[in-house]
Structure formats: structure tokens, C-alpha cells
1. Pop out the ³J(HN,Hα) list for segment 2-12 in order, Karplus 6.51 cos²θ - 1.76 cosθ + 1.60 with θ = phi - 60°, rounded to Hz; leave Gly and Pro as x.
2. In deg cm²/dmol, rounded to 500, what helix-only [θ] at 222 nm does the chain give when every DSSP H run of at least 4 residues adds -39500 (n - 2.57) and the total is split over its residues?
3. Amide H to amide H, which residues 5 or more places from Thr97 or on other chains are under 5 Å from it, using H placed in the peptide plane?
4. Nearest 20 debye, what's the magnitude of the dipole of segment 207-331 about its Cα centre given +1 on Lys and Arg Cβ and -1 on Asp and Glu Cβ?
5. Once phi is turned into ³J(HN,Hα) by the Karplus curve 6.51 cos²θ - 1.76 cosθ + 1.60 with θ = phi - 60°, what whole-Hz value does each residue of segment 249-261 show in order, with x for glycine and proline?
6. Once you have the Cα-Cα distance between Asp324 and Glu168, take 0.36 nm times their residue separation minus that, and quote the gain in nm to one decimal.
7. Among the lysines, which have Cα under 29 Å from the Cα of Lys264 when same-chain residues fewer than 8 positions away are ignored?
8. Relative contact order (percent) for the chain, with alpha-carbon contacts under 8 angstrom and 6 or more residues of separation?
Amino acid sequence: VLLDDYRERRRLAAEEERLLARLADVDCVTQDGCAVTLLANIERPEEAEDAMHVGAEGIGLFRSEFLFLNRCQLPDEEEQYRAYRQVLETLQGRPVTIRTIDVGADKILPAQALIPGATSALGRRAIRYSLAEPEMFLVQLRALLRASVHGNLQILLPMLTQPHEVDEAMLLLAQARQELASRGEPVAEHIPVGGMIEVPAAALSAGIFASKLDFLAIGTNDLVQYTLAIDRTDQRIAHLYDELHPAVLRLIALTIRAARKASKPVCVCGEMAGEHRVAPLLLGMGLRSFSMLPSRLLRVKSEVLKVDTRQLTPLVRRMLVQDDLGSIRRGLACLGIDDVSAVSSLSGAVNA
Ligand code: PEP
Ligand code: MG
């Protein structure tokens, strides 16, 4: 009986997979005609093929730090250039958002291994590390700029907290451009630069970042961690990791609103974007761009095709002004998100 049950489940899963595969070429539009952009998250250049296979409209997040991890020597400019170029060429002109290295905390470089506090999520990680190591950062920026002539590149800065971090990164980018110009290397004229909103301080001042940058990307994995003070690598508190906590939802909604007000594109690229049950909620907040693991993309698309944002938007707006958790949970249930614990534990497992 157990074996029959298993076979039946496998048959249903294969059937679902087959039906979803048909959606790869279908336009991603809601019932009321809103176009929604579905992008892929990748960690290795080879994974760009998976993104193309599921019909992603681009790469919303290439976590470039994976080129740097688990090795003794950092990749030089040439090696990085080849990796970025490979992704840009695979995507054939579709936008490719490459995030500058996000190391520290759970992703440690050999050079950081002996530094006290390097594993702290509140330490010198992500953009803080890059700005503290300008020589290393310049190598990456030159590699990115050189690759820019091979496709549609966008650069993304991780874990911003202070607007001056954007200014400092822009100065280094200009310096990298100049260095390449003096070497006679061609570089694309305009390369959009965006920032990750994944710290509550950045979400609460999203307007400033939206005005300084070309686009925003909301990193819900870290936004949940920092808002709820839950170390995302600590299994003992994983059950408290709740991406549907009202505080988190409000910060996401606030960021989307700030970006829209500044007429700048905004995307969610944390694991939340790949959770199909949460898609109606994010659509109701006004989000029109999602970036996720390629394996999640078609399932999310099947959900987007079903919804009508004219109904969702007032529902979500009413829900977000509620103060008690119970009302918010009921609002989520109306959106079909009643299995909250399953959703949360799924994302809580990220990077654990
Ligand atoms: C995030 O924090 O949501 C994110 C996309 O970045 P990472 O998971 O790589 O920290
Ligand atoms: Mg992050």
C-alpha cells in the first residue's frame, strides 16, 4: 500500500511538472492584464542555462561571492571577467544583475577566517567588506565593466545601510572605468547600479536609496533576520523565523512604495519571491518583479496567471494597517496563505 501511495504521488508530481513546463513560453500576465517579470537567482555561471530553460526574463541575482568561496586564492580579474561574460552571453541580451561580493557572516573568505567577528551577521560583511578592501573590490568592478559589453549588465550592491556607501561604491566604479579606459578596454556606456534593501534601516529610508540608485532589490532573507533578530544560520531558533511577521511585511511594502514613488524598478530576490503561496501578497503590495531559484519559477508563474490585482490590492492594503497578528493571519488566509508555518519554516531553512 505504501509503495502504491508513493507511485501515485510520483505520478502526480511528474504530471504537475509536465503541465508547468508548458508555461515556460507563456507571457506572465495577471487576469487583469498586469505584466509581471520573473527572474532567476543563480550562484554559478553554469546555472544561467537553468534560468533560460524555465523562460526567466533575466537574472535578478547572481550571487558572485560563490566564485570566491572554498578556495585559497581569490579569482583574478580575468577569471571573474570570463564568469560574468559567460552569464551575460547565455542570457542573450536579457538583463543580468550581478551582485558584488556578499561575504562575511556565513560566507567567509580565507582572508577573513582568522579575523575575530568575521562570522558575525552584524559585522564587516557585504558592501562593508568591499569598501574596506578597495583593491579587491576594484578587481571585481573592472571585471564587471569589461564583461558589460557582452550583454545587458546591471550591478547590485549588497546590504546597504548608509547612503554614503552608495557614493563610495560609485567613486570606485568611476575609478575602475578610468583604469580600463587607460588600458583601452571597451565598457558599456550606461550600466544601471542598484542596491539591496535587506536591513530595516535601509527599508525605512528606501526613498533615499531609490533616489541615488537605478533600482532596488529587496533581500527578504536578511530583512527577516535583521528585523526579527533571528540569526538565519541558527537551527535552534529557526522556528521563530517568520517572513510573514507584520513588521517584515510593512518594511517590504514601504520599500516597494518608495521605489514606485521614485519611478525606480524594484524586485524581491529573497526566497520569499519563490514561494508561490506568497505571490498574491507581494502582488497586492504592488510588486511586479520577482527573482527566485529557477526551480521555483514556473510554479510562481502558474500562480501569477490566476490572480486579479484589482481584488488583491485593496485586500492587502487593509491587511497591512491591522495591528493585531490575528487579523493579519485572517487576511493572509483570505489570500490563500493559511499554511503560514509551512511557508515560514521553508524559508527559515535557507542557508542553514
Ligand atoms: C537576501 O538576503 O534575501 C538575499 C537575497 O541575499 P542572500 O540570501 O544571498 O543573503
Ligand atoms: Mg542577503
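Taken together, the values in this text are just the output of simple stated rules run on the coordinates, not laboratory data. A quick note: this is a predicted structure, and the numbers were derived from the prediction, not measured. Cβ placement follows ideal geometry from the backbone for every residue including glycine, while neighbour counts extend to all protein chains displayed.
1. The phi angles translate into 4, 5, 4, 4, 4, 4, 4, 5, 5, 5, 5 Hz.
2. Rounded to the nearest 500, the figure is -14500 deg cm²/dmol.
3. Counting only residues 5 or more places away or on other chains, the set is Ile59, Gly60, Leu61, Phe62, Gln154.
4. Working: 19 positive and 12 negative charges, 117 e Å.
Charge dipole of segment 207-331: 560 debye, to the nearest 20.
5. So the Karplus estimates, Gly and Pro as x, are 4, 5, 5, 5, 4, 4, 5, 4, 4, 4, 5, 5, 4 Hz.
6. Values: separation 156, 0.36 × 156 = 56.16 nm, distance 4.13 nm.
Computed gain between Asp324 and Glu168 is 52.0 nm.
7. In chain and number order, the partners are Lys212, Lys301, Lys306.
8. On the way: 631 pairs, mean separation 63.8, N = 352.
Answer for the chain is 18 percent.
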